[in-house]
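The values are calculated or read from the model by the stated rules, or taken from the named source; none is laboratory data. Model, not experiment: these values are computed from the prediction. Backbone-built Cβ (ideal geometry, glycine too); neighbour counts: all protein chains shown. Ligands, DNA and RNA are excluded from the accessible area calculation, which covers all protein heavy atoms including side chains. Shrake-Rupley method; radii C 1.70, N 1.55, O 1.52, S 1.80 Å.
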Amino acid sequence: MNELFVGTGVAMVTPFLLDKKIDFKALERIIKFVDLPEINYLSIVGTTAESPTLSWSEKIEILEFVKEKATNQPILFGLGGNDTNQLLKEVNCINKYNIDGLLSVTPYYNRPSQTGLISHYRQIADSSDHPIILYNVPSRTGVNLASDTTLILSEHPNIIGIKEASGNLEQCKRISESKPDDFLLISGNDADTLAILKIGGSGSISVIANYKPNEFGKMVQYFLNYNFDDALKIQKKLNLLFNLMNLEGNPSSIKTALKTIGLCEKTVRSPLIEGSIYLENEFKKKESG
């Protein structure tokens, strides 16, 4: 099992200035904020980072900046798309960087068949010098990576795990029961994390860990160390925050939370809209209460 990606990974936001340019000072603050023993790695330029609105040059800037500032943390780089040939070119570009893995979301919009998904991911895995973690989030992409498909792909030596954000625990259970021992099942929904750990998951790539890294990371650590009671206590405390995170979507909600603790502005890029004053006040109440 690839121990680097066991435990809690932070699905990093990309902070923006009011003019929508990347706020590297805020990014450094967040990197320092999550630099804790409870956090095991950083996942950058993914969904939470607003990757669809980042240019390739911006993604590389972020990668180089994070590598410079987060010297103690393994890095998982988001690299997915719905044009396999273009993605292979990007994989070739990223091969020269010393990172620890790629997180690759299922192709979106064009809705390939399961056979098409297998071909897509095998081509990526064959071309990459870095190990691949699959990312299944059908609510965003319009296509579900079925459990049987995941299990076929798990046989590829360069595909080491899946970030499962389908919300389908039966699907996750099927993967867990039949996957190779060294294949990672990683929660992609914060609220489902303990449920996925209970059926054999290895951790979470977490949005809320930008905001509550200590608490969320401890919850995962406790469970993996068989301290189930303390893990459940933390989950109960976090449940209200999980609900707030869902109110106005990701990453608008998490950036609103981060603004209330002074880490970054809540600025997002269009077509997203920044979190409301109502949501900001709700997070402030949780901080003060």
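General remarks:
- Sorted from longest to shortest, the spans of the Cα atoms of the stretch 11-140 along the three principal axes equal 43, 30, 26 Å.
- Distances between placed amide hydrogens fall under 5 Å for residue 76 paired with 42, 43, 44, all partners being 5 or more residues away or on another chain.
- Checking every one of the trypsin sites (Lys or Arg not before Pro) in the stretch 116-182 against DSSP loop status and a limit of 10 other Cβ atoms within 10 Å picks out no site at all.
- Debye log10 I(q)/I(0) at q = 0.07, 0.10 Å⁻¹ for the chain, Cα point scatterers: -0.23, -0.49
- Each Lys or Arg adds one and each Asp or Glu subtracts one; over the other residues with Cβ under 10 Å from the Cβ of residue 161, this totals 0.
- For the stretch 68-206, the mean projected area of the C-alpha convex hull, equal to one quarter of the hull surface, is 8.3 nm².
- Relative to the current alpha-carbon distance between residue 233 and residue 156, full extension at 0.36 nm per residue lengthens the span by 23.9 nm.
- Simple Cβ-charge dipole of the chain, Lys/Arg +1 and Asp/Glu -1, about Cα centre, in debye nearest 20: 600
- Alpha carbon Rg of the stretch 173-289, scaled by the compact-globule rule 2.2 N^0.38 Å: 1.17
- Each residue was assigned an accessible area with a 1.4 Å probe, and for residue 139 the value is about 110 Å².
- Where N is the number of residues in the stretch 102-174, Cα Rg divided by 2.2 N^0.38 Å: 1.00
- The listed residues 181, 192, once ranked by accessible area (1.4 Å probe) with the largest placed first, stand as 181, 192.
- Taking 248, 177 and ordering them by how much accessible surface each has at a 1.4 Å probe, largest first, produces 177, 248.
- Listed values for the stretch 115-126 are Karplus-derived 3J(HN,Hα) couplings in whole Hz (6.51 cos²θ - 1.76 cosθ + 1.60, θ = phi - 60°), namely 5, x, 5, 4, 4, 4, 6, 5, 5, 5, 5, 5, and x replaces Gly and Pro.
- If you plug the beta carbon distance of residue 182 and residue 92 into 1/(1 + (r/R0)^6) with R0 = 30 Å, you get a FRET efficiency near 0.70.
- For residue 16, distant residues with modelled amide H under 5 Å away: 23, 265, 267
- In the chain, helical runs assigned H by DSSP with n ≥ 4 each contribute -39500 (n - 2.57); averaged across all residues and rounded to the nearest 500, the mean residue ellipticity at 222 nm is -13500 deg cm²/dmol.
- Sorting the Cα pairs of the stretch 94-139 by distance into bins of 5 Å, from 0 upward, gives 5, 20, 28, 23, 14, 8, 2 percent per bin.
- Each part reduced to its alpha carbon centroid, the stretch 36-61 and the stretch 241-289 end up 18 Å apart.
- Among beta bridges identified by DSSP and lying wholly in the stretch 15-132, the antiparallel ones come to about 10 percent.
- Percent antiparallel among DSSP beta bridges (both partners in the chain, rounded to 5): 5
- Counting only protein chain heavy atoms and rolling a 1.4 Å probe, the accessible areas of 245, 219 rank, largest first, as 245, 219.
- Per residue value of the accessible surface for the stretch 131-289 (all protein chains in place, 1.4 Å probe), Å²: 43
- Taking every protein chain into account, the 1.4 Å probe leaves residue 6 with about 30 Å² of accessible area, to the nearest ten.
- Positive minus negative residues near residue 250 (Lys, Arg vs Asp, Glu; Cβ under 12 Å): -1
- Extension gain, residue 35 to residue 85: 0.36 nm times the residue separation minus the Cα-Cα distance gives 14.4 nm.
- Each residue of the stretch 257-274 was assigned a 3J(HN,Hα) from its phi angle through the Karplus expression (A = 6.51, B = -1.76, C = 1.60, θ = phi - 60°), giving 4, 5, 5, 5, 10, x, 8, 6, 6, 8, 4, 10, 9, 4, x, 6, 10, 5 Hz with x at Gly and Pro.
- Carbon-plus-sulfur accessible fraction, the chain (probe radius 1.4 Å, protein heavy atoms only): 49%.
- For the stretch 127-230, dividing the convex hull volume of the Cα atoms by the residue count gives 117 Å³ per residue.
- Solvent-accessible surface (1.4 angstrom probe) belonging to residue 278, in square angstrom, nearest 10: 130
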